[in-house]
Amino acid sequence: MNNPEFLLVLKRREIDLVILDDSFNDFCLKIIEDLKVPFVYFSSSTGYPWVFNSMGASQELSSVPSRFTGYDSTMNFKQRIFNTLAGLGAQILRSFIVIPAIDAYTKKDFPSARSISDIEKDASLYFLSSQWATTWPRSVPPTVIQLGPLHIRPPQTLPQAMDRFIREFEKDGFILFTLGSIPSSKFMPKKYVQTFVKVFSRIPQRVIWKWDDSSEIPENLSANVLLVDWLPQQDLLGHSAIRLFITHGGFLGMQEALYHSVPLLALPFGTDQYLNSAKVRKEGCGLHLDWDNLDEATLFTSITSIINNSSFKDNTRRLSLLMHEEFLKGQDTAVNWIEHVIRFNGTKHLKPTSQNIPFYQLYLLDVGLFLVVISFIIVFVTANMVRFIIWCLLASFYKFKTTPSYKSNLKKIT
């Protein structure tokens, strides 16, 4: 709020709509409310549970794994317990600790603004750069729009040196190995580096390895490995000679690989990478390895299994076909919806009532409790009535046995 250029933007009010990334930008909601314009959430991954909740989408924790777990959609009882605790726990932590802290911090600049928990419910749309082919299907209201991977494009010509390296052994193909930009390979412990070096020396495929530290080259590196500090990832994934993508499990890279029908070997570090890896494993498009259990034998077996087993390639082709089955391009869908929001000043006509009702009403906890109490009362009353009737019958029978006529008749019989 101390930036003169930004303050000038706020003063001019020449804004029709705000598109807000859903990754921990909650403080911006106070600014949006001050501007009095519609806003749209955008997620470059599978979305956060609190944003889905603010849009009125059901949690479906029994079949939709939390991004904080590595489960797939088929969870046993223990996994469903942990999935519920992880999913709801993160939202409770945010609601009672994070949001109040941000509200208090921004109060000096926006003293009359509502709480972030109230403002976020005014979001007109929630754009997701995903498709059901690459994430877990779930029920969503009409204001949650899947655009698909907006960044994917057809492959282009590779740099000459890289293309020449691939074509020298094009028959066996090549493997692409990158751990993304944040968990860089240069931070990998040396024992893991040597594990990869040894395994790569045993396979016939060429390997293009994204390595960021040119000052420290791994020891005993075989001739079939090319180290690069930058690589055209989409162009390599779209190359006809690629056989495998070894990745940390980032969502964008996973989408690119599946779009181009490339099997994956995922070694996730955190965030949604475990969730993405679980999807790859569940769909039969690749395998998932834990760093704690990584050794030469396991890595070699995983790589050769994926390359030599055609089912992995077949399954990636199946998902690739689903991703290509677009009725309307994601960019066109986004533009159409944004124009719709501006034209009608929001999407109140599309929002479900469930967005604003309490948790206990949304999941019918009050109704369930009422029915349980009524059922208990009915069972209790019925049981006591039966007990009373039996008691009356027994009492009548005992009274009859003690009458003089009953005793007289009993003596005659005996």
>> Can you give me the angle between helix 273-282 and the longest principal axis of the chain, using Cα atoms only, in degrees from 0 to 90, rounded to the nearest 10?
In response: 80 degrees
> For the chain, which longest stretch is free of loop sites, where a loop site is one of the chymotrypsin sites (Phe, Trp or Tyr not before Pro) that DSSP puts outside H, G, I, E and B and that has at most 16 other Cβ atoms within 10 Å?
Replying inline: 28-131
> Which of N336, V199, H349 sits farthest toward the positive end of the charge dipole of the chain, with +1 on the Cβ of Lys and Arg and -1 on the Cβ of Asp and Glu?
Replying inline: H349
> Any idea what the dipole of the chain comes to, in debye rounded to 20, about its Cα centre with Lys/Arg Cβ at +1 and Asp/Glu Cβ at -1?
Replying inline: 2600 debye
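Counting Lys and Arg as +1 and Asp and Glu as -1, each charge on the Cβ, what is the dipole of segment 133-253 about the Cα centre in debye, to the nearest 20?
Numbers: 13 positive and 10 negative charges, 73 e Å.
Dipole of segment 133-253, to the nearest 20 debye: 360 debye.
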> What is the gain in length, in nm to one decimal, between S73 and L369 on full extension, counting 0.36 nm per residue of separation less the C-alpha to C-alpha distance?
Replying inline: 103.7 nm
> Which number do you get for Rg(Cα) / (2.2 N^0.38 Å) in segment 138-214?
Replying inline: 1.58
> Using alpha carbons only, how many degrees (0 to 90, rounded to 10) separate the axis of helix 330-344 from the longest principal axis of the chain?
Replying inline: 60 degrees
>> What are the ³J(HN,Hα) couplings of segment 12-28, residue after residue, when phi is run through the Karplus curve with 6.51, -1.76, 1.60 and θ = phi - 60°? Round to Hz, x for glycine and proline.
In response: 6, 6, 9, 10, 9, 7, 10, 9, 10, 5, 7, 8, 6, 10, 4, 4, 5
> So how much slack lies between W132 and D292, counting 0.36 nm per residue of separation and subtracting their Cα-Cα distance, in nm?
Replying inline: 54.5 nm
> How large is the convex hull of the Cα atoms of the chain per residue, expressed in Å³ as a whole number?
Replying inline: 278 Å³
> What percent do you get for the relative contact order of the chain when only Cα pairs under 8 Å and 6+ apart count?
Replying inline: 16 percent
> Mind listing which GluC sites (Glu not before Pro) in segment 14-91 are in a DSSP loop and have 13 or fewer other Cβ atoms within 10 Å?
Replying inline: E14
> Can you tell which of F27, Y259, I116 lies farthest toward the positive end of the dipole of the chain, using +1 and -1 charges on the Cβ of basic and acidic side chains (Lys, Arg; Asp, Glu)?
Replying inline: I116
> Hey, if you put +1 on the Cβ of every Lys and Arg and -1 on every Asp and Glu Cβ in segment 55-191, which of L93, F187, S63 ends up farthest toward the positive end of that dipole?
Replying inline: F187
>> Which trypsin sites (Lys or Arg not before Pro) in segment 1-69 sit in a loop by DSSP (not H, G, I, E or B) and have at most 13 other Cβ atoms within 10 Å of their own Cβ?
In response: R13, K36
> What list do you get for R114, R94 if you sort them by fewest beta carbons within 10 Å?
Replying inline: R114, R94
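Values quoted throughout were computed directly from the atomic coordinates according to the rules given, and no laboratory measurement underlies them. Please read these numbers as outputs of a predicted model, since none were measured by experiment. For neighbour counting, all protein chains shown are included, and Cβ atoms are generated from backbone atoms with ideal geometry for every residue, glycine included.
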